[in-house]
1. Here's a check for you: in the stretch 246-295, which residue that is loosely packed, with under 15 Cβ neighbours inside 10 Å, small (Gly, Ala, Ser) and at pLDDT 90 or above is nearest to Asn232 (Cα to Cα)?
2. For the stretch 1-26, what are the residues that are assigned to a loop (DSSP other than H, G, I, E, B), farther than 21 Å from Asp110 by Cα and modelled with pLDDT under 95?
3. Among the residues of the stretch 119-164 satisfying the criterion of being modelled with pLDDT under 95 and among the aromatic types (Phe, Trp, Tyr), which is surrounded by the fewest Cβ atoms within 10 Å (Cβ to Cβ)?
4. Let me spell it out: the conditions are (1) within 25 Å of Arg269 (Cα to Cα); (2) under 15 Å from the mean Cα position of the chain (by Cα), and Gly53 meets all of them except one. Which number is the exception?
5. Looking only at the stretch 65-87, how many residues end up being in contact with a Gly (Cβ under 8 Å, 6 or more places away or on another chain), on the phi < 0 side of the Ramachandran plot and surrounded by fewer than 24 Cβ atoms within 10 Å (Cβ to Cβ)?
6. Here are the criteria: (1) out of contact with any Lys or Arg (no Cβ under 7 Å at 6 or more places or on another chain); (2) assigned to a helix (DSSP H, G or I); (3) of a type outside the set (Phe, Trp, Tyr). Tell me which single one Thr289 does not satisfy.
7. Enumerate the pairs (first residue in the stretch 142-157 and touching a residue at least 12 places away in the same chain (Cβ under 8 Å); second residue anywhere and part of a strand (DSSP E or B) and charged (D, E, K, R)) with beta-carbon separation below 8 Å, excluding pairs fewer than 6 apart on the same chain, so at least 6 apart or on different chains.
8. Considering only residues that are closer than 21 Å to Ser156 by Cβ and aliphatic (A, V, I, L, M), which ones fall in the stretch 95-118?
Amino acid sequence: METKTLRVETDCDKKLNIGFKKTCNCPDNHINCLTPKEWIKGQVAIWELYYEGRDIRDKDIHPAVFPIALPKKCIELFTHKGELVLDPFVGIGTTLIAAQDLERNALGFDLNKEYIDFIDERLNQLQIDFGEVTNQLAICDDALNIPNYLNIETVSLCVTSPPYANMLNHKRLNKSFRSDLRENKHYKKIQQYSDNPRDLGTMKMNEYIEALVEIYKGILPFLKPKAHCVINVNDLWENNCRYPTHSFIIEGMEKIGYQLRNIIIWDKRNLVNKVGIYGWPNNFITLSTTFEYILDFWRSP
């Protein structure tokens, strides 16, 4: 399937002409193209995901990138070929790469124009030539404006890893690293996404949840009935207090009409190396880098 990469940088008054109907021959009552053997692998509620050579792990480019394997697994589970995937906080385009690989149309939004420019280059380097056409669009705009671009009930999957409130809005002390590794090039630097006041990564917890829920409230009418909405999130540790971000998100999403379907744990132990002793000897704190939550909602039929 040929892929076409498009980029939009300004607000759009007209709905985008982007494909959203399945192009496979799967029965209409199937939610994906998987075989039974492939399906059963996704039923395990603890996922181990691995980075591959194409993944971007340079924190100078982006401070927090999830592996292509994460959106790829969600796209395989919850969509058919040709359908439309949405990432409201697309970052440097990992979801769009996964959608391109799997012959899905995809739309991603981000406030940071540098990220949008990076996506444009990244996708064009990975063009694949097949028979039909899918589009992956990167749009520089506030996720609140997503309703300006889409038609009602066209999105089959919304998947993202949003900024985790103001988790990055402080100097990095690298306390989870072994002591001799702490003073790397990012030590005592603030690796914030941006200084835009609309950036969720600049907000304190209450403000963050309110802003996130408002965005998803606007997205809900554009999901097909039974379309899934996946949010990858970590709990916030700040000022010696743990904030159960995933619980706040579940509560907020259910209030605006989403239904929680699954809670999946992303087991990241295979990605954690050379950790230091954190909190010893008087303050036991588990390492938040060892797992994250993958919250799976849907638009109830």
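The values are calculated or read from the model by the stated rules, or taken from the named source; none is laboratory data. Values in this document were obtained by computation on a predicted structure and should not be read as measured data. FYI the Cβ positions are ideal-geometry reconstructions off the backbone, even for glycines, and counts take in every protein chain you see.
1. Ser247
2. Matches in the stretch 1-26: Met1 only.
3. Phe130
4. The failed condition is (2).
5. 4
6. Every listed condition holds for Thr289 apart from (1).
7. Glu153/Lys224; Thr154/Lys224; Val155/Lys224; Ser156/Lys224
8. Within the stretch 95-118, Leu96, Ile97, Ala98, Ala99, Leu102, Ala106, Leu107 meet the criteria.
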